[in-house]
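Report on the structure given below.
The values are calculated or read from the model by the stated rules, or taken from the named source; none is laboratory data. This one's a predicted model, so the numbers in the text were calculated from it and none came from an experiment. Every residue, glycine as well, gets a Cβ built from its backbone with ideal geometry; the counts of neighbours run over all protein chains shown. Accessible surface areas use protein heavy atoms only, side chains included; no ligands, DNA or RNA. Shrake-Rupley method; radii C 1.70, N 1.55, O 1.52, S 1.80 Å.
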Amino acid sequence: MAYLTDSDLGFSKGAHKSASSQYFVTILASVALINVLTFFYHLLNSAIFNTLSNAVCIGLIAYAAYILFRSQHNSAANIFYIAAACAFTILSILFNASNASIIVGIKYLSIYVFYAAGHVSAEKFRQIEIRYVCFLAALPIFFYLAFGDSRIPEFIQDNIGNTFSYFANANVATLYFSALVFALAERFGGRAILLQFVNVALMNKVGAAVATVVAIGLWIGIPIRKESVIALAIFIIVAVTAVWLGAFDRAFATFDSMNLLVQLGPETVSRMSFRRLVELTGTTDLSGFFRVIHWTNIWEVYSSKGFGTILFGYGIAQTPDLTVLKLGPHNDYLRLLVEYGLINLAVFVCFLLHVLLNLKAGLTRVLFMVLLIYFLSENLIDHFASMTLYFTYAGRFSLASGNIASNGDATELAHEA
């Protein structure tokens, strides 16, 4: 593999080694600080905490970039993806100069930087990381138990009263806890799969549940090996228990109502009123129908425009202004396509496949695959803390095999369940 070096720039190797050895602890400490500031912002409804939180986010991106470009071990592939994403995102901003959000674009580009910085800073897991992750898990749970949900009226209104703790909704909360489980994968081994399953069962979100079940199923079945039987047996026991406890009742109800979509077709359903859908399905939980209608509307608007819009999109963060529902598309791949353009979507998908194929252990692949599938049903890229954790630790796992043997994941799951 080719490497880029900074020897001509005269940087101190000792200074870089010291800085990079603290990289993961610094990332976790910074994400913890962001969450504390977010905690007080949603508790006290004081904008100063939001401003400070945004400042820490910008500082954290700058720190990751500093670590990356001072390293002597940068992967040429990682640098290529950063350069390609930056170049085509800038072109998208220039093409849509009057209506593109630069801040949202920077948050999107940061995932490439965090992955590459995690890759060059990969080191052995440290015990303090567990304490930080436990704190990050406890903080939103404490907020929820002690204070309920956000106390910011505008935030509640913008999210249609669907907030959870200080998160926009339970989908975002599920993503956040999934990121924490992924960060601990090297330490927890097969138990991380069980933690992820508990996460989606408790949150009872259909998109996350489907993503987790599909990812685990692919991990068990591809390739078929003797450990697959053990892992499948454990998975069935856990799944049956969760179903018996009612953890997936909403998911089953959603799939039952979606039979109408199969029978009538997406085009017919997209023209139906909310009232008519409720009458036909017998439920007001129509999130699946909402997505189909919204996706159809967004695609029709996007595909009807010129070649420049096809390539460079409508403008970053502009999809809510394109449709009747005035909401994001609840599909990050579709969002990248419509807001950033076809070329940016191609770069993003290739980058995700690059990350997935470079993960060293089957266990980390399945947990990362949950994210890739979950992207299909939610707007997740904007959740800075979760993306920081996911891609920073994916960078680490892509270089270091850690304590997980690729062929022993299923066996480890069996021993630890």
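Is at least one residue of segment 164-171 of a type outside the set (A, V, I, L, M, F, W, C) and free of Cβ contacts under 8 Å to residues at least 24 places away in the same chain? Among the residues of segment 164-171, at least one is of a type outside the set (A, V, I, L, M, F, W, C) and free of Cβ contacts under 8 Å to residues at least 24 places away in the same chain, which makes the answer yes. For segment 97-135: of the residues being under 18 Å from the mean Cα position of the chain (by Cα) and among the hydroxyl-bearing types (Ser, Thr, Tyr), which is surrounded by the most Cβ atoms within 10 Å (Cβ to Cβ)? Out of the qualifying residues, it is 115. Among helices (runs of 4 or more DSSP H) entirely within segment 117-194, having at least 2 residues that are β-branched (Val, Ile, Thr) and farther than 21 Å from residue 205 by Cβ singles out 127-147. Residue count for segment 353-381 under the criterion of being assigned to a loop (DSSP other than H, G, I, E, B), free of Cβ contacts under 8 Å to residues at least 40 places away in the same chain and open to solvent by 10 Å² or more (accessible area, probe 1.4 Å): the result is 0. The number of residues in segment 62-75 that are within 23 Å of the chain's Cα centre (by Cα) and either within 17 Å of residue 319 (Cα to Cα) or open to solvent by 20 Å² or more (accessible area, probe 1.4 Å) (or both) comes to 3. Of 407, 403, all but one fail to be surrounded by fewer than 19 Cβ atoms within 10 Å (Cβ to Cβ), out of contact with any Leu (no Cβ under 7 Å at 6 or more places or on another chain), at pLDDT below 90 and assigned to a helix (DSSP H, G or I); the exception is 407. The number of residues in segment 1-42 that are hydrophobic (A, V, I, L, M, F, W, C), open to solvent by 30 Å² or more (accessible area, probe 1.4 Å), assigned to a helix (DSSP H, G or I) and at pLDDT below 55 comes to 2. Open to solvent by 10 Å² or more (accessible area, probe 1.4 Å), under 30 Å from residue 322 (Cα atoms) and hydrophobic (A, V, I, L, M, F, W, C): does that describe residue 168? For residue 168, the condition - open to solvent by 10 Å² or more (accessible area, probe 1.4 Å), under 30 Å from residue 322 (Cα atoms) and hydrophobic (A, V, I, L, M, F, W, C) - is met. Residues in segment 131-152 that are under 16 Å from residue 22 (Cβ atoms) and in contact with a Leu (Cβ under 8 Å, 6 or more places away or on another chain): 132 only. Whether a residue is modelled with pLDDT under 60, within 17 Å of residue 189 (Cα to Cα), in a helix (DSSP H, G or I) and more than 9 Å from the chain's Cα centre (by Cα) was assessed, and residue 394 does not pass this test. Can you say whether residue 211 is closer than 12 Å to residue 366 by Cα, hydrophobic (A, V, I, L, M, F, W, C) and at pLDDT 80 or above, as far as the supplied structure shows? Yes: the conditions hold for residue 211.
Counting the residues of segment 295-333 that are outside any helix (DSSP H, G or I), among the hydrophobic types (A, V, I, L, M, F, W, C) and more than 22 Å from residue 107 (Cα to Cα) gives 2. For residue 345, are the conditions met, namely being touching a helix residue (DSSP H, G or I) at 6+ places or on another chain (Cβ under 6 Å), open to solvent by 20 Å² or more (accessible area, probe 1.4 Å) and in a helix (DSSP H, G or I)? In short, yes.
Within segment 76-96, identify whether any single residue is surrounded by fewer than 19 Cβ atoms within 10 Å (Cβ to Cβ), in a helix (DSSP H, G or I), modelled with pLDDT of 95 or more and not aliphatic (A, V, I, L, M), and answer yes or no. Looking through segment 76-96, at least one residue is surrounded by fewer than 19 Cβ atoms within 10 Å (Cβ to Cβ), in a helix (DSSP H, G or I), modelled with pLDDT of 95 or more and not aliphatic (A, V, I, L, M).
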